[in-house]
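A short worksheet on the structure shown next.
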Amino acid sequence: MEKEKFEYIIKKSDAELPVKELLKRNFGFSSRLMAKLKVHGGVERNGSPVKMYEKSLPGDRITVMLPKERSAFIPENIPISVVYEDDDLLIINKQPGYVVHPTKGHPCHTIANGVMNYMIKQDKHFKIRFINRLDMDTSGLLVVAKNSHSQDDFSKQMSENAVIKKYIAIVKGVMEEDEGTIDLPIDKEQEDQLKRAVREGGYPSVTHYKVLNRFSKGYTMVELVLETGRTHQIRVHLSHLGYPVVGDVLYGQAAVWLIERQALHAESLSFLHPVTKKRMEVTAPLPEDMLKLLEKIG
């Protein structure tokens, strides 16, 4: 069962604190979630409803029931590869060729529809909250929060650069420097609402890179760590440097004899678990099409 219940036993040291402060200190609840609980209720002391401003005695049990929320996407038989799952998080290894969430251009056949189908088969019930997004043709780790607290906490970590996101890309050209940082602002191209470009006055964008392998046929395998998360950031930065991701039609050129999509994979995520606060690292191995690409250029 997905986590909807949090409990805390009042200690002597915090007996004089109001319930609102106890929840913030011990569970790290966001202001948004606190507002929901204030309006909809769900906070009890020793089994009875309690107001946020009330204080408690040592030994009192504070119980929080999170608001029950459910997604209603149409379930579709789209494979979902689970890398990690517990009461609070679902982390999957997304395959290329699918957008994450329904849009006007892609109202169905999305990862959200596949996760809905997975939930039904597993008899699970939660609102699907995607923490990060991946481009349609990018593979790798995708995080779903199962409750609003996990969503708020994970999003806060990302905004504070506490989540380490590593990608693997195979680019056209042989990169000279072993490692470096690309610190160039990105914004939309004026004539194209989809395409981004390095633009003066754009949004600050920072990508760290490290060369993993160079190939005599004129390619480089590179590891990338995002400090910011702009749309198409890796693809724009690498293309601007003159090393477009192999197969990237938008910022380079097609290379269907090598791979039928951009060779970009979200390989690992390191973060603090939103509830246990333990440091976690999850990884997703390179997909088959990128392994075949390495064979072809190696």
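Read the figures in this text as sums done on the coordinates, not as results from a lab. It should be emphasised that the depicted structure is a prediction, and the values quoted were computed from it without experimental measurement. For neighbour counting, all protein chains shown are included, and Cβ atoms are generated from backbone atoms with ideal geometry for every residue, glycine included.
Checking (i) 1.00; (ii) 1.05; (iii) 1.17 against the coordinates, the calculated Cα Rg over 2.2 N^0.38 Å falls under label (iii).
Straight-distance candidates among the aspartates and glutamates for linking to Lys166, with alpha-carbon spacing under 18 Å and chain neighbours fewer than 8 residues away dropped: Asp135, Asp137, Asp178, Glu179, Asp183, Glu223, Glu227, Glu267, Glu281.
As an equivalent ellipsoid, the stretch 58-165 spans semi-axes of 26, 18, 12 angstrom, where each value is the square root of five times an eigenvalue of the C-alpha gyration tensor, largest first.
Using only Cα atoms, figure out Rg for the stretch 64-122 and give it as a multiple of 2.2 N^0.38 Å. Mind dumping the intermediate values first?
Values: Rg = 12.4 Å, N = 59, 2.2 N^0.38 = 10.4 Å.
Taking the Cα Rg and dividing by 2.2 N^0.38 Å, one obtains 1.20.
When each of the peptides 182-188, 149-155, 102-108, 170-176 is scored by the mean number of other C-beta atoms lying within 10 Å of its residues, the order from highest to lowest reads 149-155, 170-176, 182-188, 102-108. Normalised by residue number, the volume inside the convex hull of the Cα atoms of the stretch 202-298 is 124 Å³ per residue. The Gln190 and Cys108 beta-carbon pair, evaluated with R₀ = 35 Å, returns a calculated FRET efficiency of approximately 0.65. Multiplying the residue separation of Glu176 and Ser31 by 0.36 nm and subtracting their alpha-carbon distance yields 47.5 nm.
Using the crude model of +1 on Lys and Arg Cβ and -1 on Asp and Glu Cβ, and no other charge, please compute the dipole size for the stretch 5-65 relative to its Cα centre, in debye to 20.
Values: 13 positive and 7 negative charges, 39 e Å.
Charge dipole of the stretch 5-65: 180 debye, to the nearest 20.
Under 20 Å from the Cα of Lys11, which aspartates and glutamates turn up, not counting those fewer than eight places away in the same chain? Result set, ordered by chain and number: Glu21, Glu44, Glu54, Asp60. What separates the Cα centres of the stretch 60-76 and the stretch 105-161 is a distance of 15 Å. Pairs over the 25 Å Cα-Cα cut-off, from the set Lys94/Lys217; Lys156/Lys277; Lys165/Lys210; Lys188/Lys292: Lys94/Lys217; Lys188/Lys292. Candidate cross-link partners of Lys68 among the aspartates and glutamates, defined by an alpha-carbon separation under 12 Å and a same-chain spacing of 8 or more, comprise Glu2, Glu4. For the stretch 5-65, the spread of Cα positions along the three principal axes, ordered from largest to smallest, is 28, 21, 19 Å.
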